[in-house]
Every structure is written in structure tokens, then in C-alpha cells.
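Working notes, structure below.
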């Protein structure tokens with residue numbers, strides 16, 4: 001799975017987690033901060049990770065909420081697992 | 001990115017010792033009962049307030065001794081608590097916390113391993129105690145509720161039990177608590193609610209807690 005496909009799928013997950021307030025991932029750079037740019041709090045990041053796990057069929061066992069800071073880091077982690 | 005992310009380590013299952021858990025519960029509850037002399041009030045049908053399946057017990061946090069009080073209130077169940085990482089520095093204490101079924105959490109960097117441990121235990125029908133205020137509240141009133149408890153209950157598909165711990169005016173006074181009817185989170189939102197929806201449910205949970213406080217005040221005025 002390439003970066004674009006992951007980003008597209010991730011966009012849908014963001015919409016599910018954030019609802020109407022979700023930022024458009026296509027316009028966000030991979031350096032976009034999950035907290036500052038996308039408005040997620042620590043519970044939001046946990047929820048995002050759970051949603052990614054269900055959607056991609058992977059498990060993020062050794063990741064903490066502070067380890068994932070940007071969209072790029074999330075994409076890279078998914079790529080390393082799928 | 002943190003090096004532990006891509007390390008691919010597998011999570012170790014937490015070894016829970018039921019015998020030791022019961023031993024600690026019984027030996028710990030005797031001095032707890034003598035000192036606290038707990039009094040429990042029910043704001044709903046008593047049977048409904050003691051479900052046997054998986055549940056998130058969400059009390060307000062008024063003192064460091066609240067876990068003992070929760071054990072006295074739900075003495076029939078084996079309870080699982082979330083314990084902060086700092087408590088695991090001492091090896092003996094770390095072993096004890098793990099054996100009695102506590103789940104280690106890092107408040108600053110909540111690990112997915114802890115999250116999976118909580119959800120797995122809830123799905124297995126266990127009771128987990130989570131303080132939604134996130135810290136001991138030494139002021140009057142209730143702090144704002146974080147939505148972690150709602151997230152965990154939603155993912156596991158279990159209800160949340162509101163419990164109101166009456167704040168102590170003097171340390172030697174009798175400890176009191178009011179138990180409310182469990183809230184079925186699943187009926188309040190979809191399988192995957194948004195972050196805002198979870199925040200609203202947390203707010204509702206806090207309102208229920210305040211309603212229990214009012215219920216207690218009404219009982220005391222009678």
C-alpha cells in the first residue's frame with residue numbers, strides 16, 4: 001500500500017473520529033501536527049489509533065499518544081505494519 | 001519518531017493472580033472497614049447498581065484512599081484499577097500492583113498496550129475503575145471529566161457506573177458513597193462516535209455524578 005492510498009483511507013478515518021470538524025488530509029502536509037493542526041487531544045489520538053487498527057487490521061502495541069505527533073509519522077507507522 | 005514504535009515488540013499478557021487479589025482484598029478490607037465504616041446509598045434499584053458483567057466504574061476522586069472505598073462498595077467483585085507508571089518504580093510494589101490486576105498507565109504518554117489491556121478485560125466481563133477527573137480533587141465541586149472512560153466503555157460495549165464519593169470533612173468521619181444506575185453508552189451514540197460526541201457523553205456522566213450529590217444532600221436533609 002503506497003502513501004497516497006494510506007492518506008486517502010486515513011482521511012476517512014479522520015472524518016469518522018472528528019466528525020464535521022475534520023481537517024481535509026489532502027490539503028494537509030505530512031508535517032501537520034495531530035494536536036495543533038488537526039485539533040486532536042490525547043483521547044482523540046487514542047481513538048484515532050484504535051480506528052486505524054480496525055480499518056487496516058494492524059495493532060499498535062508499543063505506541064503512546066505522545067509518540068505520534070504528525071500525520072507523516074502515522075502514515076510511516078501504518079506502512080511499516082501493512 | 002520514538003524508537004519503540006517500530007520495534008515490533010509483542011505485548012506481554014498481564015499475569016493476574018486471583019488468589020493474591022482476593023487475599024489483598026480481604027486482608028485490606030478489614031482495616032478499611034474498621035477505619036472507613038463505609039455507608040452506601042442507592043439512587044436506583046440495588047440489583048441494577050451491581051451488574052455482574054463488564055463495566056467501567058467511574059467515581060469522583062476526592063482522596064488517595066478512594067480505591068479502598070470502591071473495594072468496600074463493590075466488595076463482591078474483583079476490581080481492576082489503572083495505576084500510574086510512577087507507582088511501578090519499586091520492584092516489590094510493581095509486582096504487587098500487577099498481581100492484584102492493576103493496569104499500568106503513563107498519563108503523559110498513554111500507551112496502546114494499556115488501552116488494549118483495558119478493553120480486553122472489559123470485554124472479558126471484568127470491572128475497571130477509572131477516575132474521569134484524572135486526579136485527586138482537593139477543591140470543592142467536581143473537576144471537568146476527561147473522555148477516556150467513555151472511549152473505553154464504547155470500544156468494549158459496556159456501561160458506565162456513576163459513583164459519588166462524598167468528600168470527607170474530617171479524616172476520621174464515616175465514608176459515604178452513592179451509587180447510580182449504570183449508563184448504557186451504546187444507546188447514546190453510534191459504534192464509532194466522534195470525539196465531540198464522547199465529550200458530550202462525559203459531560204452527561206458528570207451531570208449524573210452531580211445528580212447523585214444532590215440525591216445525597218436531599219437524603220441528609222430529611
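Bear in mind these aren't lab numbers, they're just calculated from the coordinates by the rules spelled out. Since the model is a prediction, treat every value here as computed from it, not as a measurement. Neighbour counts run over all protein chains shown; Cβ positions are idealised from the backbone, glycine included.
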Next on the checklist: Can you compute the radius of gyration and Dmax for the protein assembly as shown, using only the Cα atoms, both in Å?
Outcome noted: 20.4, 68
Item to check | Spacing of the two label points (7 Å from each Cα toward its C-beta) at residue A:31 and residue B:139, in nm | outcome: 3.9
Checklist entry - If you count, for every residue in B:104-111, the Cβ atoms of partner chains within 10 Å of its Cβ, what is the mean? => result 4
Checklist entry - What is the ratio of the Cα radius of gyration of region B:37-221 to 2.2 N^0.38 Å, where N is its residue count, to two decimals? => result 0.99
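Efficiency by 1/(1 + (r/R0)^6): what FRET value for residue B:211 and residue A:2, r their Cβ-Cβ distance, R0 = 41 Å, to the nearest 0.05? Walk me through the numbers before you get to the answer.
On the way: r = 52 Å, r/R0 = 1.27.
Working from the Cβ atoms, E equals 0.20.
Just want the ordering: B:55, B:68, from fewest to most Cβ atoms lying within 10 Å of their own Cβ.
Numbers: B:55 23, B:68 19.
Sorted ascending by nearby Cβ count, the order is B:68, B:55.
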Checklist entry - Using a simple spin-label model with points 7 Å from Cα along the Cα→Cβ vector, what separation in nm is obtained for residue B:41 and residue B:169? => result 1.4
Checklist entry - Once you average over the residues of A:56-62, how many Cβ atoms of partner chains fall within 10 Å of each Cβ? => result 5
Item to check | Equivalent-ellipsoid semi-axes of chain A, from the Cα gyration tensor, Å, largest first | outcome: 16, 15, 12
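Which translational diffusion coefficient, to the nearest whole µm²/s, is obtained for region B:95-145 from the Stokes-Einstein equation, given a Kirkwood hydrodynamic radius over C-alpha pairs, 4 °C and 1.567 mPa s? The partial results should precede the final answer.
Numbers: Rh = 12.8 Å.
Reported coefficient: 101 µm²/s.
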Next on the checklist: If packing is taken as the average count of other Cβ atoms within 10 Å, what order do B:132-140, B:203-211, B:58-66 fall into, highest mean first?
Outcome noted: B:58-66, B:203-211, B:132-140
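Counting helices only, and only those DSSP H runs with n ≥ 4, report the 222 nm mean residue ellipticity of the protein assembly as shown as the sum of -39,500 (n - 2.57) divided by its residues, in deg cm²/dmol to the nearest 500.
On the way: 9 runs with 126 residues, N = 304.
Dividing the helical sum by the residues of the protein assembly as shown leaves -13500 deg cm²/dmol.
Which translational diffusion coefficient, to the nearest whole µm²/s, is obtained for region B:64-117 from the Stokes-Einstein equation, given a Kirkwood hydrodynamic radius over C-alpha pairs, 37 °C and 0.692 mPa s? If you can, show how the numbers build up before the last one.
Working: Rh = 12.1 Å.
Taking Rh from Cα pairs, D becomes 272 µm²/s.
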Item to check | Where the Cα pairs of region B:127-212 fall when distances are cut into 5 Å bins, in % | outcome: 3, 14, 25, 24, 17, 9, 5, 3, 1, 0
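Need one value for B:146-152: mean number of C-beta atoms belonging to other chains within 10 Å of its residues' C-beta atoms. If you can, show how the numbers build up before the last one.
Values: counts 3, 6, 4, 1, 1, 5, 3.
For this peptide, the per-residue mean of nearby foreign Cβ atoms is 3.
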